[in-house]
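Written below as structure tokens is the structure these notes are about.
The values are calculated or read from the model by the stated rules, or taken from the named source; none is laboratory data. Please read these numbers as outputs of a predicted model, since none were measured by experiment. For neighbour counting, all protein chains shown are included, and Cβ atoms are generated from backbone atoms with ideal geometry for every residue, glycine included. Just the protein is used for accessible areas: all its heavy atoms, side chains included, with ligands, DNA and RNA removed. Shrake-Rupley method; radii C 1.70, N 1.55, O 1.52, S 1.80 Å.
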Amino acid sequence: MFISNETKKVILIIADISGYTSYMVAHRAELEHGQVLITELLEAIIGQAEIPIEISKLEGDAVFMYAAAADGETGLDSVAPGVSKKLLKFFDAFSEKLGELVESSVCCCKACANLDKLRLKLIIHSGEALFHRVGNFNELAGVDVITLHRLLKNGVDSNHYIMMTESAHGLLDFEKKSEMSEIVESYSEIGNIRNFVYYMDGRDRPETTPAPRSKTYSTLYHKAKTLIWLVTRSMLLRLGLVKGPELKNIAK
């Protein structure tokens, strides 16, 4: 439980579905199917958010998360390992769900047919955030929160990657850290920001489809099941009866 207007040391994370805007705009006629499919992918990402990672909010095609220093702690050493072990798991969950949806689909609409073009990017920064109450929820504010969101617009030549600022890079560790490339982003209001990037598809293969999953969802049973699910959920969405992703770990 955070006190209103309390400043905390935090690791800030945005998991953003790359290609969402062009995907939804290009397939307006299939908006309901597209939104249902995007929701499934967001729920797969949310499902990986465990303590010390908390969900702040959904931001359209993205999930904004954070891990805050515990009460009385001035650093982030105690939460960094928990964040580190989840970095690749976000991508595993996304790719698993994407593969399931693509392989089991029998729908011929453009939204379903082009689902495999979606990718995931993870932007990570560390610093401080001001927690303030809005209704029953915590909102995060401050320069570091702004910096994280500005980094969504960057010069990385891929749409499937992990990017972390120098401050986050010093805290976090994962098995591919040694393969990260250094880049510098510049913003007029913030200045130069040193970042490190790991290309999930390989630097020379930014458009490669996700690796095949061990499971298969191409059987007639799974295709029929998915079609029934897609039609049913679309109808519920149209009637306003379907709920969005369950934010099981959202800070209240």
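Scanning segment 127-158 for residues that are touching a strand residue (DSSP E or B) at 6+ places or on another chain (Cβ under 9 Å) and of a type in the set (A, V, I, L, M, F, W, C) yields Ala129, Leu130, Phe131, Phe137, Leu140, Ala141, Val143, Val145, Leu148, Leu151, Leu152, Val156. Is it true that some residue in segment 58-80 is open to solvent by less than 10 Å² (accessible area, probe 1.4 Å), in contact (Cβ under 8 Å) with a residue 40 or more places away in the chain, in contact with a strand residue (DSSP E or B) (Cβ under 9 Å, 6 or more places away or on another chain) and among the hydroxyl-bearing types (Ser, Thr, Tyr)? Yes: one or more hits.
Taking segment 81-93 as the range and being within 15 Å of Val63 (Cβ to Cβ) and either in contact (Cβ under 8 Å) with a residue 60 or more places away in the chain or open to solvent by 30 Å² or more (accessible area, probe 1.4 Å) (or both) as the test, the residues that pass are Val83, Leu87, Lys89, Phe90, Phe91.
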